[in-house]
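Single-structure report; data block below.
The values are calculated or read from the model by the stated rules, or taken from the named source; none is laboratory data. Since we're looking at a predicted model, the values are computed, not measured. With ideal geometry, Cβ positions are generated from the backbone for all residues, glycine too; neighbour counts draw on all protein chains shown. Note: areas computed on protein heavy atoms with side chains; ligands, DNA, RNA excluded. Shrake-Rupley method; radii C 1.70, N 1.55, O 1.52, S 1.80 Å.
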Amino acid sequence: MALDPLPAWIAVACIATLLAHAALAKLGDLALFRQHLAAYGVPERMAPLAMGLLPLAEMGAAVLLLTPWRTTGAALAVALLLLYAAAMAWHRARGRRLDCGCGGEPLPLSWALVLRNLALAALAAAAGLPMTGRALAAGDLAVIAAALLLATLLHAALHQTLRHRARLSLRS
């Protein structure tokens, strides 16, 4: 199955941006990243390895998505997103209330975040599909940029809605 390059490059742009942001958020606050790893149960002796490998894998996937090794970047992105979804689901199923570690203002784990990561993994898989040979035109590039902006706003809105819902549930 080959995709038209427009939706494929929209998927690439969205996943590459998300992963680059995730890597920079982790590297930007290593103390908080270490706290998140501890909350998720990563043993202290493994934390330095995880602190190096996870941001490197995220940034590596983001960069690979923009190169001729796009399918490798997409596969790495899918693996990371499924790993994160599984870790969230495992802790959520046990009733643990911890910060998702998604970056930014704290956001409690929820099944909505697990579903979000599964949807993002599907989008990452689409980013790795073969593309038809149609060349992108200037209008296509504008659509990709607009779609990336819209996806970023929707992602932020989802997080804000989930934060608001979590605050309301704490008050009740």
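Annotations for the structure displayed:
- Scanning the stretch 135-164 for residues being loosely packed, with under 13 Cβ neighbours inside 10 Å and either at pLDDT below 90 or in contact with a Ser or Thr (Cβ under 8 Å, 6 or more places away or on another chain) (or both) gives a total of 1.
- Residues of the stretch 13-38 that are basic (Lys, Arg) and surrounded by 20 or more Cβ atoms within 10 Å (Cβ to Cβ): LYS26 alone.
- Filter result for the condition that a residue is under 16 Å from the mean Cα position of the chain (by Cα), hydrophobic (A, V, I, L, M, F, W, C), surrounded by 21 or more Cβ atoms within 10 Å (Cβ to Cβ) and under 20 Å from LEU24 (Cβ atoms), over LEU113, LEU109: LEU113
- Any hit, the stretch 32-48, residues being among the β-branched types (Val, Ile, Thr) and without any contact (Cβ under 8 Å) to a residue 40 or more places away in the chain: yes
- Qualifying position, being assigned to a loop (DSSP other than H, G, I, E, B) and either open to solvent by 60 Å² or more (accessible area, probe 1.4 Å) or out of contact with any Ser or Thr (no Cβ under 6 Å at 6 or more places or on another chain) (or both), among PRO55, PRO68, PRO48, PRO7: PRO68
- Single residue of the stretch 123-149 satisfying the filter (hydrophobic (A, V, I, L, M, F, W, C) and closer than 17 Å to PRO68 by Cβ) that is nearest to the chain's Cα centre (by Cα): ALA127
- Answer residue from the stretch 91-105, given it is of a type outside the set (Lys, Arg) and surrounded by 14 or more Cβ atoms within 10 Å (Cβ to Cβ) and is modelled with the highest pLDDT among those: HIS91
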